[in-house]
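Structure, as structure tokens:
The values are calculated or read from the model by the stated rules, or taken from the named source; none is laboratory data. Bear in mind the structure is a predicted one, so any value in this text is a computation, not a measurement. With ideal geometry, Cβ positions are generated from the backbone for all residues, glycine too; neighbour counts draw on all protein chains shown. With ligands, DNA and RNA removed, areas are computed over all heavy atoms of the protein, side chains included. Shrake-Rupley method; radii C 1.70, N 1.55, O 1.52, S 1.80 Å.
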Amino acid sequence: TRSFWVMANDSVNPVLKAAHAVAGITWEKKKFRLDAEVYYKKSSGLQEYIYVSNFLRNTPDFGNYFPKSGGNPPPEEKSEPAPSYFISGTGKSYGLDLFMSYSARRYTGWFSYSLSKSVQQFSEINDGAEIPALTDQTHQVSVTNMFTPGKWNLGAVLLFQTGRPYASFTDVKMDGPITREYSRMSDYFRCDVSANYNFTLGL
């Protein structure tokens, strides 16, 4: 797993801090409702855990995968390659959320759209350049429809999401920066359709 829990001690594992700024507006008229919201979030104390897979640990080149320990392990271990270590950085996220709904006697529908960007910066990765956060997702669209003619409940949900990023190449060298290249997963689309008929049994 890429994520796991550690105790924050404000030295090796800093306390995660974030500042949020949010502004929104809501408009309603008869059967329509519209919500719009923009946000900006700046974070500090983000961490990455740098490691090499177990099958490489017994190879002659294992020592070349990590810088000499100097941050996390005790000073007396500086002459040995660090098998793992943490790096700390900052991040920011910003975007726009839109939501529109329509509600009538037999029909109810929702439409939502999110436009967002989430990046991180670590001085040890790509010389401090911005890299995409694993949660970065540019577009997300959701459409929900519910129609109730008589005893029927008919529904349809459409969902579209752009692919999330992943590190397609990583190079870690002793006493040098970490180099990463990022790619994105394929876009995701799903459509769910449902139909229910309501009736009672004369018992």
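Please work out the average accessible area per residue across segment 104-203, using the 1.4 Å probe convention, and give it in Å². Intermediate values should be presented prior to the final figure.
On the way: 6450 Å² over 100 residues.
With the other protein chains kept in place, segment 104-203 gives 65 Å² per residue.
Could you look at segment 86-183 and say what percent of its accessible area is carbon and sulfur, using a 1.4 Å probe and all protein chains? Kindly include the intermediate steps, with their values, before the conclusion.
On the way: 3040 of 5250 Å².
Looking at segment 86-183 in its full context, I get 58 percent from C and S.
What chymotrypsin sites (Phe, Trp or Tyr not before Pro) in segment 1-54 are in a loop by DSSP, with at most 12 other Cβ atoms within 10 Å of the Cβ?
Values: sites: Phe4, Trp5, Trp27, Phe32, Tyr39, Tyr40, Tyr49, Tyr51; in loops: Phe4, Trp5.
Here the sparse-neighbourhood loop sites are Phe4, Trp5.
What three numbers, in Å, describe the spread of the alpha carbons of segment 91-203 along their principal axes, ordered from the longest?
79, 28, 23
Grab the Cα-Cα distance for Tyr49 and Glu181, subtract it from 0.36 nm times how many residues apart they are, and report the gain in nm with one decimal. Mind dumping the intermediate values first?
Values: separation 132, 0.36 × 132 = 47.52 nm, distance 1.71 nm.
That works out to 45.8 nm of additional length.
Using a 1.4 Å probe, how large is the accessible area of Leu134, given in Å² and rounded to the nearest 10?
80 Å²
Of the trypsin sites (Lys or Arg not before Pro) in segment 111-203, which ones lie in a loop per DSSP and count no more than 14 other C-beta atoms within 10 Å?
Values: sites: Lys117, Lys151, Lys173, Arg180, Arg184, Arg190; in loops: Lys151, Lys173.
The qualifying sites are Lys151, Lys173.
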